[in-house]
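Asker: After the structure tokens below, expect a handful of questions from me.
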Amino acid sequence: MHLEPVGAKSYLLMLSFMFFVPLTLVAIFSFFSQKEELVNLMLSTFYILLIPAAVFVLIAWKGQSASIKNDQLHLRAAFAYNVTVPLDSIRRNDIRAAADAGIGTSLRINGVGLPRFKLGWFKLSNGRKAFAIVTDQSPMYIPTKGEYDLLVSTGRGDIAQLFDH
């Protein structure tokens, strides 16, 4: 199964959040500050915190995969974000684009939630819990008979056909 790769717009948005916005704030503060030691401390703290956060997000963007083995759908993402769903618990007739179903994320429970990038556990607008690997604005909604649903960017619209193997 093919998961949608992260696009250039998402990378640029993430870079602006992680680099340019905080760096601009530090630059503005340093322009108005008279204490050079405080400015140096702020810049050092900025870079010490920024580098691990950037590495985490870049690894998370590149680490997603999906496979169907032994009558189970395995969704794997970076770090500890993995889920296995039996194929017989997937409501195949109800799979559709999240936008067509009126489904979106309303609350992040555990994971990363950024514009155009969502990874982890979320509460959906329909009240259900969902595991999400979303790298674009048009993910597929995969309802299940279990406690949670799936929200996945497939890059195609034909995810339902993949279950008919």
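What follows is calculated from the coordinates using simple rules that are stated; it is not laboratory data. Because the structure is predicted, anything quoted here is derived from the model rather than measured. Every residue, glycine as well, gets a Cβ built from its backbone with ideal geometry; the counts of neighbours run over all protein chains shown.
Asker: Could you say which residue among THR84, THR154, THR135, THR144 is of a type in the set (Ser, Thr, Tyr), over 17 Å from the mean Cα position of the chain (by Cα) and within 16 Å of SER65 (Cβ to Cβ)?
Answerer: THR84
Asker: Given the residues GLY127, GLY111, GLY120, which is the only one that is free of Cβ contacts under 8 Å to residues at least 60 places away in the same chain and surrounded by fewer than 17 Cβ atoms within 10 Å (Cβ to Cβ)?
Answerer: Sole residue among the options that is free of Cβ contacts under 8 Å to residues at least 60 places away in the same chain and surrounded by fewer than 17 Cβ atoms within 10 Å (Cβ to Cβ): GLY127.
Asker: Only one of (1) more than 17 Å from ARG76 (Cα to Cα); (2) surrounded by 22 or more Cβ atoms within 10 Å (Cβ to Cβ); (3) in contact (Cβ under 8 Å) with a residue 60 or more places away in the chain is not met by PRO143, so which one is it?
Answerer: The number of the failed condition is (3).
Asker: I've got another one for you. Criterion first (over 13 Å from the mean Cα position of the chain (by Cα), under 15 Å from GLY146 (Cβ atoms) and not β-branched (Val, Ile, Thr)) does ASP100 satisfy it?
Answerer: no
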